[in-house]
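Student: Take a look at this one; I'll ask things after.
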Amino acid sequence: MFNSTVLEVAIGLIFCYASVALIASSTYEAIASWLDLRSKTLLCGLTHLLNAKSGSGEALLLNIYNDLLAHPLGTGVALNIKDIKNKPAYIPSKNFALALIHSIQEVPGNFENLSADIDAVKDEQLRSLLRSLHQKVKGDLNRFQHELATWFDSGMGRVSGAYKKQSQIWCFVIAFVIAVVFNINSVQLFKTLWLHPALIAQLSIPTTNPMLVTDAYTQLQTLPIGWGEDFTLSMLRDPSAIVGWLVTASASLFGAPFWFDLLKMLVRLRGTGTKPEGEPPQHTTEPNAK
């Protein structure tokens with residue numbers, strides 16, 4: 001189906017995309033961890049979910065973050081949102097549901113008076129939602145917690161989607177910067193590998209997934225990429241190079257696991273191909289028939 005040149009070129013390009021995707025995603029995760037982007041995104045999502053931009057809503061949000069069910073590492077005595085240290089990046093839905101119930105109660109733990117506590121919620125939209133859910137389950141506490149957890153999961157699904165979209169944009173930007181800095185031009189790389197497929201022989205195909213970033217970077221250097229000694233600023237304005245960098249950055253959005261899985265499949269396909277000329281045939285020893 002494929003000749004050796006097509007396979008070698010495909011393997012080289014796919015390994016390149018997998019490496020760039022791995023480096024870009026690892027760089028983004030490091031930045032996200034340093035800036036606490038996950039915890040900030042969760043806080044923003046809860047703020048919108050509870051209408052907690054100011055006043056009583058902010059007080060309710062603060063009570064939830066002071067509840068150890070929602071924030072096990074918290075002190076429980078923060079006076080405002082800014083005072084909360086080590087904000088969680090994730091809250092289990094069941095824990096959030098119970099923390100919300102505790103936060104609206106005048107006397108935490110007095111579940112018999114929960115209906116009156118719901119009526120005392122100041123935000124009209126949140127009060128209407130809680131009252132509707134409480135009436136739906138006819139006062140059953142366990143079912144009420146389940147409904148709150150389902151509502152929370154639905155809201156966090158939208159937050160997760162927004163965070164994923166944001167991460168993809170930044171991973172694309174990071175991958176494009178990597179492509180420019182190291183001149184990983186897909187167009188030029190394809191042409192070079194097509195004319196010299198033997199260059200792939202220098203590549204050590206990984207046997208584990210995921211591959212280490214340092215290993216990916218080291219192996220990436222064996223491919224025909226880079227600027228060389230004749231670099232000039234005019235090269236940055238080359239339309240062909242810009243297209244090649246955009247292709248490289250766009251391919252990284254599929255993610256390193258996708259490319260590494262595809263790479264392994266092609267390596268197995270190459271291994272089942274025709275044996276090179278001059279290689280002695282393999283013989284199997286069979287027992288003599290009686």
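The values are calculated or read from the model by the stated rules, or taken from the named source; none is laboratory data. Fair warning: this is a prediction, and the values are worked out from it, not measured in the lab. Here Cβ is always computed from backbone atoms with ideal geometry, including for glycine, and neighbour counts include all displayed protein chains.
Student: Quick check: is even one residue across region 146-162 within 19 Å of residue 220 (Cα to Cα) and part of a helix (DSSP H, G or I)? Give the derivation first.
Tutor: Initial filter on region 146-162 (within 19 Å of residue 220 (Cα to Cα)): none.
Checked against the condition, which is being within 19 Å of residue 220 (Cα to Cα) and part of a helix (DSSP H, G or I), region 146-162 yields no hits at all.
Student: How many of the residues making up region 148-159 are crowded, with 16+ Cβ neighbours inside 10 Å, in contact (Cβ under 8 Å) with a residue 24 or more places away in the chain and not small (Gly, Ala, Ser)?
Tutor: 4
Student: Tell me, please, whether a residue that is closer than 30 Å to residue 192 by Cβ, under 20 Å from the mean Cα position of the chain (by Cα) and either surrounded by 14 or more Cβ atoms within 10 Å (Cβ to Cβ) or basic (Lys, Arg) (or both) can be found in region 41-49.
Tutor: Step one: filter region 41-49 for residues closer than 30 Å to residue 192 by Cβ, giving none.
Looking through region 41-49, none of the residues is closer than 30 Å to residue 192 by Cβ, under 20 Å from the mean Cα position of the chain (by Cα) and either surrounded by 14 or more Cβ atoms within 10 Å (Cβ to Cβ) or basic (Lys, Arg) (or both).
Student: If residue 186 passes every condition in (1) surrounded by 14 or more Cβ atoms within 10 Å (Cβ to Cβ); (2) not assigned by TED's automatic domain parsing to the domain that holds residue 22 but one, which one does it miss?
Tutor: Among (1) surrounded by 14 or more Cβ atoms within 10 Å (Cβ to Cβ); (2) not assigned by TED's automatic domain parsing to the domain that holds residue 22, the lone unmet condition for residue 186 is (2).
Student: On to the next question. Looking at region 1-118, what helices (runs of 4 or more DSSP H) fall wholly within it and have at least 3 residues that are outside the structural domain of residue 215 (by TED's automatic domain parsing), out of contact with any Pro (no Cβ under 7 Å at 6 or more places or on another chain) and modelled with pLDDT under 85?
Tutor: 55-66
Student: Could I ask something else about it? Could you check region 160-176 and list, in sequence order, the residues that are aliphatic (A, V, I, L, M) and surrounded by fewer than 17 Cβ atoms within 10 Å (Cβ to Cβ)? Let's see the steps before the verdict.
Tutor: First, the residues of region 160-176 that are aliphatic (A, V, I, L, M): 162, 169, 173-175.
Within region 160-176, 162, 169, 173 qualify.
Student: Provide a single number: the residues in region 224-241 that are among the small types (Gly, Ala, Ser) and over 21 Å from residue 194 (Cβ atoms).
Tutor: 1
Student: Right, next: Identify all residues within region 183-199 that are closer than 11 Å to residue 240 by Cβ and not in a helix (DSSP H, G or I); write none if there are none.
Tutor: The one that is closer than 11 Å to residue 240 by Cβ and not in a helix (DSSP H, G or I): 185.
Student: Follow-up. When you scan region 119-144, how many residues do you find that are in a helix (DSSP H, G or I) and either within 37 Å of the chain's Cα centre (by Cα) or closer than 16 Å to residue 96 by Cα (or both)?
Tutor: Pass one, region 119-144, residues in a helix (DSSP H, G or I): 119, 124-136, 141-144.
The next check asks that each one be either within 37 Å of the chain's Cα centre (by Cα) or closer than 16 Å to residue 96 by Cα (or both); those that pass are 124-134, 136, 141-144.
Number satisfying all stated conditions: 16.
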